[in-house]
Amino acid sequence: MTTAQPHAELDPRFAPPFPQAALTVLRNPQLRRNVAHAVDIIQAKRGRLVAEKDDWQQLRSAASAIRSHVLESLGAYLEEFEVRCTAAGGIVHWATDGEEARRIILDILRQEQASEVIKIKTMTSAEIQLNPFLESNGVRVHETDLAEIILQLGEEPPSHIVVPALHVNRSQVREIFARKMGLPELSDDPQILTAAARRYLREKFLTIPTAIGGANYLIAETGSVAVVESEGNGRMCLTLPRTLITLAGIEKVLPRFDDLEVFLQLLARSATGERMNPYTSLWTGTVKGDGPERFHVVLLDNGRSRILRRPVERQTLKCIRCAACMNSCPVYRQTGGHAYGSVYPGPIGAILTPQLQQLQHAQSLPFASSLCGACYEVCPVKINIPEVLLELRSQVTRQERSQARRFFDPLYLGLRLANFLFASPRRFHLAQRLGRIGARLFTRKDGWIHSLPSVGGKWTLTRDLRGLPDETFHEWWANRKKEAR
Amino acid sequence: MRASLFITCYNDTLYPETGRAVVALLERLGVEVSFEPRQTCCGQMHANTGFRPEAFSQARRFVNLYREVEHVVIPSSSCVAMMREQYPTIFDELGDEILRREFLALIPRVYELSEFLVDRLQALDVGAYFPHRVAYHASCHGLRQLELGDRPYRLLAKVRGMELAPLANSDRCCGFGGTFSVKNAEVSSAMLTTKLEDVLATRAEYLTGLDNSCLMHLGGAMHRQYAGMTTIHMAQILAATADSPAEAMA
């Protein structure tokens, strides 16, 4: 029933470069319609709810300040969290990378003699490809979030961090459920579909005593963990099982319990366009006779502390995974998530994924943006994504330009030449004159260029270019001054 | 009042009529316009593609050429945004403290065209006459980095004979993005198609804006598709009078 193989298309080590992966999606009109329809709805709802908050900008500033402060003293807050959580009966584990986190989780499951687990949606577990690892070690994994069930049963990779099955429409869901749940008569009425999922899930909730989930926030002051969700499957997974394992990135910590006041106002509005998410679960360690008896927290680094050391890129870790950046992104709206070759798509993925990969992979992602800034405008914690994109572009270019094969790359050649010309007005003006003569070769009778060679052909793919005028501005200015004399 | 025109490399080469319009407009408003002939490029293309050392030489050239002038006026919102947002980072990274200080002294005197008209000259009615239906494209850099807000609309509202056509999703990017348009040509084209649907739905005769790069992108597709609409920089609309009509871009 579950997919044992990782989704190679979402593994940055193997995924094709963004422009190539995007082509596959651009040729799929149904998927593009699904994505555009979904993000437009979420964006419109978000816009309405943000507009009704007079203090939205103050909330953003507060959230940004809290997150920045956390990152400045992350080590101390994590240790405080560990002390409080342990005192309350939790067991805290530290994992340097995905491999260590997977091993810690498998060891716990072996101690529990668990052959099956139920799971709350956690992108962090997708980041470390936990499911295929557990499956290959004999543990059956049952996702319980509706979108995750759709993806797990349909063997589809996620395309969004809040709404992972955003690219799948209702009739496609019907088809997957009908096939995998053995319900050929199923209609595509949303209520009927969710009822089918509910029946499928109830049995898992009531029989499987081990759960794995993520965390929206870790509270240093109290050692508490918070999970916000819409469907109630999380509440089931957090309360019914005997053993609960929480996997969380180290950046998820907040200093004080009161800080939730800021983030709970921002998150649901930014993420799903709701004033408040339906379920907010908060717990501290274990309580005898109430909820799980054993509670483990696995704190995952996996490249985060390296990002923390970089002054510009550090802000990437302020992210609270609301996905407003992808919902507002005109690039994501065309390509959906799969083109980003990572479980983290959209603008935040374009900066996070290459950094998690130490710029060894995913180098095309920082260029997968028109730098329009819509992401920064909506980000509830004010991550200046364009600024980080530019920083990463600079690093990638520095890395690439020393490579021999880049020497004759037309874009690199063109940019080096342009710099040589811009350094001297005389050279620049000569190039303009030569360019004017050269452009005549390509200019048609209507005065426009319809087709260009090499990199220029990428432009004339869909746009014409007006032929070069007979006189540049500075030539006009020089003549005008002469005439005036 | 004196203003030095920084025309930008692509306007100089591809859209000189925009520069001529800025000169006509500013002179009509009583500004003494000058032009520094040694200017070339602001470095935006290099900076946005990750070529920071090259962008640095362009940035240094700009500061050296303009540090003494009274005002710099630039008819390109993305080039102004490049200076305000990226020059400080570039000077920091390449460690030139003197240049950075000179830049900080200069930058308050660097204006995008609509900023210069509205904020500095406080001229909303510039005496323009342009009897056409026009839609306005708020380029992303003008909208989000310069925060031009309602300045362009206030200027257009005073143009005699002009009808402003409302544009749906006016804050959505056209997909140009400089080298993005060739590095990710297919995605850029898809964004262009989406934008053009909204633009053409306005049934305007002209699409205007404050950045010829977006207009080159949209206008190039209009021409390819025989869309029956033309792009025109706002300077050309504002410069147009009953006696000397605008030089259209196509």
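To the nearest 20 debye, what charge dipole does the protein assembly as shown have about its Cα centre, counting +1 at the Cβ of each Lys and Arg and -1 at the Cβ of each Asp and Glu? Before the final figure, lay out each step's value.
Details: 86 positive and 80 negative charges, 310 e Å.
Dipole of the protein assembly as shown, to the nearest 20 debye: 1480 debye.
For a quick check: with amide H placed at 1.01 Å from N, whose amide H comes under 5 Å from A:T144's, ignoring anything fewer than 5 positions away on the same chain?
A:K119, A:K121
So what is the relative contact order of segment A:141-251, in percent, for Cα pairs below 8 Å that sit 6 or more residues apart? Display every interim value, and only then the final one.
Numbers: 119 pairs, mean separation 24.2, N = 111.
With pairs under 8 Å counted, the relative contact order is 22 percent.
Take the Cα atoms of segment A:421-484, build their convex hull, and give its volume per residue in Å³.
Working: hull volume 6.8 nm³, N = 64.
That works out to 106 Å³ per residue.
Using a Cα-Cα cut-off of under 17 Å, which lysines could be cross-linked to A:K45, ignoring same-chain neighbours fewer than 8 residues away?
Result set, ordered by chain and number: A:K53.
Given H placed on each backbone N at 1.01 Å, which residues far from A:E116 in sequence or on other chains put an amide H within less than 5 Å of it?
Hits under the 5 Å cutoff: A:R140.
Using helices alone, what [θ] at 222 nm do you get for the protein assembly as shown, with -39,500 (n - 2.57) per DSSP H run of 4 or more residues, divided over all residues and rounded to the nearest 500? All intermediate terms of the calculation are to be shown ahead of the outcome.
Values: 34 runs with 350 residues, N = 735.
Only helices count here, giving -14000 deg cm²/dmol.
What's the angle, to the nearest 10 degrees (0 to 90), between helix A:190-207's Cα axis and the longest principal axis of chain A?
50
If the reach is capped at under 17 angstrom between alpha carbons, list the lysines near A:K121, excluding any in the same chain fewer than eight residues apart.
Here the lysines satisfying the reach criterion relative to A:K121 are A:K204, A:K252.
Against the longest principal axis of chain A, how steep is helix A:56-72, in degrees 0 to 90 to the nearest 10, with axes from Cα atoms?
Around 80 degrees separate the two axes.
Only residues of segment B:65-88 count here: report those whose backbone N is under 18 Å from the spot 7 Å along Cα→Cβ of A:A484, or say none.
It comes to B:69-74, nothing else.
Determine, from the Cβ-Cβ distance of A:R433 and A:R310 and an R0 of 41 Å, the FRET efficiency 1/(1 + (r/R0)^6), rounded to the nearest 0.05. Intermediate results must be reported in sequence, preceding the final value.
Working: r = 45 Å, r/R0 = 1.09.
That pair, A:R433 with A:R310, gives E of 0.40.
Using 0.36 nm per residue, how much length does the chain from A:R440 to A:Q113 gain when fully extended, once their Cα-Cα distance is taken away? Please list the in-between numbers first.
Numbers: separation 327, 0.36 × 327 = 117.72 nm, distance 7.63 nm.
Residue separation times 0.36 nm, minus the Cα-Cα distance, leaves 110.1 nm.
Debye calculation, C-alpha points only, no solvent: report log10 I(q)/I(0) for chain A at q = 0.08, 0.11, 0.12 Å⁻¹, in the same order as the q values.
Reported log10 I(q)/I(0), two decimals: -0.55, -0.95, -1.09.
Could you go through segment A:421-433 in sequence order and give the Karplus-derived ³J(HN,Hα) for each residue, using 6.51 cos²θ - 1.76 cosθ + 1.60 with θ = phi - 60°, rounded to whole Hz, and x for Gly and Pro?
6, 5, 6, 9, x, 4, 5, 4, 5, 5, 4, 4, 5
Need one number: nm distance between label points at A:E175 and A:Q358, each 7 Å from Cα along Cα→Cβ, rounded to one decimal.
4.2
Taking the mean number of other Cβ atoms within 10 Å as a proxy for protection, how do you rank A:457-466, A:424-433, A:185-194 from highest to lowest? Please report the intermediate quantities before stating the final value.
Values: A:457-466: 20.5, A:424-433: 15.5, A:185-194: 13.4.
Top to bottom by mean Cβ count within 10 Å: A:457-466, A:424-433, A:185-194.
Read the figures in this text as sums done on the coordinates, not as results from a lab. Just so it is clear, the structure is predicted and the values come from calculations on it, not from any experiment. Cβ atoms come from the backbone with ideal geometry, glycine included; neighbour counts cover every protein chain shown.
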